[in-house]
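I have placed the structure first, in the form of structure tokens, so that the comments after it can refer back to it.
The values are calculated or read from the model by the stated rules, or taken from the named source; none is laboratory data. Keep in mind that this is a model prediction, so the values were computed, not measured. In this analysis, Cβ positions are derived from the backbone assuming ideal geometry, glycine residues included, and neighbour counts consider all displayed protein chains.
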Amino acid sequence: MNNLLYIIKKENHTAQDLTKILNENPQIKFVSFVGIDLSGNDTDEKIPMKLFLEDIDSFLNGIAVQTDGSSVVLPGIATLNNAKVDMVTDLDSTWFVDYNFNFIDPSSNKPVGTLRIPCFLYHDNKPVDSRHILKAAVSTFKENLSNIFKTKPEILKPYGITPEDVNEIIITSATELEFWVKTPNDNAEVEELSTSQVLHEHYWTRTKGAVRTALEETLILMEEYGFEPEMGHKEVGGVRAKLNSSGNFDHVMEQIEIDWKYSDSLQAADNELFVRILAQETFRRNGLEVTFMAKPIEEVAGSGMHTHLGVSLKLNNGKRINIFNGPKDHFLSIIGYGSIMGILKNYEVMNPFISSTNNSLKRLKPGFEAPVCIVTSLGQSPENPSRNRSILLGLIRDLNSPLATRFELRSPNPHTNTYIAMAVSYMAMLDGILYAVNNNKTEDELLKELSKKPGEDADYLEKDRSYRSEDDVFEAFTEDERNEYFGKAPATVYENLAQLDMYPEKLQVLRNNDVMTEAIINSFKLATIERWSTEISHRIINTYINEIRSFSPLHSLDKALDLDISIWMKINDLRIYIMKDTYTTESLFTKIKKAFVNKDYNEASKLYLELEDKMKTLRQLYSSYKKNLLDI
């Protein structure tokens with residue numbers, strides 16, 4: 001790890017500097033151009049360094065790299081008869097060197113490295129990638145905010161500045177990465193994990209063995225790359241590892257979180273992508289498997305990736321001002337209130353881009369500190385900031401650090417496309433800001449509207465809804481009340497995507513300035529529905545088949561009681577209903593598969609919810625059945 005080149009800053013992205021730097025670091029053998037498709041997948045096309053240096057001007061200034069549209073997720077855009085996708089180098093971001101610590105270059109005695117160069121994907125000369133969507137959203141946000149300052153300079157009066165004092169509008173973001181680690185092929189019982197979670201046996205406890213080594217190595221590497229890690233710790237999920245005869249810990253299964261410093265939005269998204277790779281590879285080198293699934297284990301806390309959103313101004317004198325901060329007797333400024341209202345008002349069309357996978361929606365359930373309701377919390381008073389963990393969008397404030405004021409969106413998970421999630425967030429925030437500013441709203445008026453009760457009139461927010469709660473929404477409201485006050489959360493990917501058609505006026509907010517074009521939105525919908533249907537038909541059902549077959553009879557007739565036999569009969573009836581076809585009846589599995597073949601996604605959605613309910617019942621019955629047997 002010593003004497004390695006980890007990053008190349010944007011000021012060195014010239015042919016002359018790069019040639020010098022790369023010749024001085026012969027361990028960097030490859031270049032990879034990294035584009036992000038609509039599903040958040042990153043490309044990795046390794047080009048030998050010799051070839052890159054020979055044609056470096058073309059790679060930096062032209063379109064020298066291409067990929068087949070079939071290799072990236074752009075359905076409806078990159079078609080079979082028009083599949084060429086160009087990869088255009090991004091010269092304005094930090095470039096990372098990805099090292100293979102398992103492969104040592106014999107000439108330099110250093111690990112072999114690959115220079116990852118972020119790029120934009122173009123099809124028919126139009127940008128079609130996630131990085132460009134975020135870049136366009138940030139540009140649109142800044143342009144509109146700059147125009148507001150020029151046309152309504154009174155917005156800046158509370159800060160004692162004029163538009164001429166503003167040197168730059170800075171859009172800052174950060175993410176918190178949670179993930180599960182385990183020793184290969186080890187699985188813990190769900191009840192064991194759930195009990196440990198309820199008892200808080202792992203949260204913030206000391207890491208041990210290979211987990212400690214991998215976590216510490218990850219944090220040190222993050223420091224080398226300039227991510228400025230802030231902490232790494234155990235999360236709530238996990239069970240106690242066991243010490244084997246060799247003195248090593250095995251049967252590891254626990255949840256980890258790592259945090260690092262904020263950056264501008266596009267760089268923050270690039271950072272998050274690389275930190276995921278860094279953590280995964282580091283833990284693997286220490287013999288541990290890593291999963292970034294939102295909900296890897298049923299009935300146990302899933303992994304979130306809380307996303308922080310902030311806006312500040314850099315003044316000509318070098319001073320920084322956080323423009324979310326308002327008067328002392330208010331939680332937020334006019335721009336701050338408008339931003340939070342914009343996300344809450346438009347979240348129905350944001351959600352499909354944030355929780356786009358089947359597994360992500362499994363995480364969003366009451367009881368696991370996962371946001372289900374479209375609601376915020378500000379605090380009991382401006383002097384008493386809130387840390388309500390049951391809401392969707394939190395206001396983070398530190399009275400001793402005004403620059404730290406920001407919003408925390410709690411719904412993203414490690415598989416969320418961070419680029420698009422941030423893009424739709426800032427577009428929604430802009431919509432709320434424009435409402436507040438163009439209608440000359442005061443802080444008092446905005447706070448009153450944000451704090452409205454269901455049924456109270458509002459100019460921007462919806463009359464029948466409520467948007468703020470200082471209480472735990474899972475404790476203070478029944479499920480019916482939550483659905484009525486905050487809107488019913490989508491239970492499947494299809495229900496989530498359907499919101500894009502249900503709220504065309506809200507979808508237009510994301511389409512402003514062609515940040516999200518009709519082609520991009522349609523491509524995203526096609527990709528998401530295909531992934532959802534394929535995963536259920538060919539992965540989830542096959543997994544459930546093996547699970548159902550594992551639920552076999554364990555009782556002996558001479559020792560079993562009537563209760564044991566009765567429960568087993570219920571179990572077997574349920575097994576047959578879910579999985580077994582007969583001449584006269586179709587199993588639930590078959591009905592689901594047929595619905596997908598017929599593209600009846602509404603029916604498939606209903607049947608899939610029934611399947612999840614039946615599988616939950618089946619697991620509970622089998623657990624009760626096993627526990628009642630004296631001998632197994």
Would segment 237-260 turn up any residue that is closer than 30 Å to M427 by Cβ, among the aliphatic types (A, V, I, L, M) and modelled with pLDDT of 95 or more?
yes
So if I check each of S107, S93, which one is within 30 Å of L526 (Cβ to Cβ) and not acidic (D, E)?
S93
Grab the strands (runs of 3 or more DSSP E) fully contained in segment 366-448, keeping just those with 1 or more residues being closer than 21 Å to V236 by Cβ, assigned by TED's automatic domain parsing to the domain that holds D329 and modelled with pLDDT under 95.
393-396
Filter result (surrounded by fewer than 19 Cβ atoms within 10 Å (Cβ to Cβ) and farther than 14 Å from D86 by Cα) within segment 48-62
P48, K50, L51, L53, E54, D55, I56, D57
Just to be sure, is F103 out of contact with any Cys (no Cβ under 8 Å at 6 or more places or on another chain), in contact (Cβ under 8 Å) with a residue 24 or more places away in the chain and not small (G, A, S)?
no
Among all residue pairs at least 6 apart or on different chains, which show Cβ distances below 9 Å where the first residue, located in segment 27-50, is outside the structural domain of S107 (by TED's automatic domain parsing) and the second is at pLDDT below 95 and part of a strand (DSSP E or B)?
none
Residue count, segment 548-578, condition surrounded by 18 or more Cβ atoms within 10 Å (Cβ to Cβ) and within 30 Å of I529 (Cα to Cα), comes to 4
Looking at segment 362-402 only, could you name the residues that are buried (at least 22 other Cβ atoms within 10 Å of the Cβ) and touching a His at 6+ places or on another chain (Cβ under 8 Å)?
none
If we ask which residues in segment 470-484 are surrounded by fewer than 20 Cβ atoms within 10 Å (Cβ to Cβ) and either at pLDDT 95 or above or not hydrophobic (A, V, I, L, M, F, W, C) (or both), their number turns out to be 10
Take L53 and tell me if it is at pLDDT 95 or above, more than 26 Å from T218 (Cα to Cα) and either among the hydroxyl-bearing types (S, T, Y) or part of a helix (DSSP H, G or I) (or both).
yes
Please work out which one of (1) surrounded by fewer than 24 Cβ atoms within 10 Å (Cβ to Cβ); (2) in contact with a strand residue (DSSP E or B) (Cβ under 7 Å, 6 or more places away or on another chain); (3) polar (S, T, N, Q) is the condition T405 fails and give its number.
(1)
Which fully enclosed strands (runs of 3 or more DSSP E) of segment 62-180 have 3 or more residues being modelled with pLDDT of 95 or more?
95-105, 110-123
Quick check, is D581 not in a loop (DSSP other than H, G, I, E, B), not β-branched (V, I, T) and not assigned by TED's automatic domain parsing to the domain that holds I297?
no
Checking the structure you have, find out if any residue of segment 480-496 is within 18 Å of V372 (Cβ to Cβ), free of Cβ contacts under 8 Å to residues at least 12 places away in the same chain, among the charged types (D, E, K, R) and part of a helix (DSSP H, G or I).
yes
Limited to segment 264-288, what total is found for residues that are surrounded by fewer than 21 Cβ atoms within 10 Å (Cβ to Cβ) and not in a helix (DSSP H, G or I)?
3
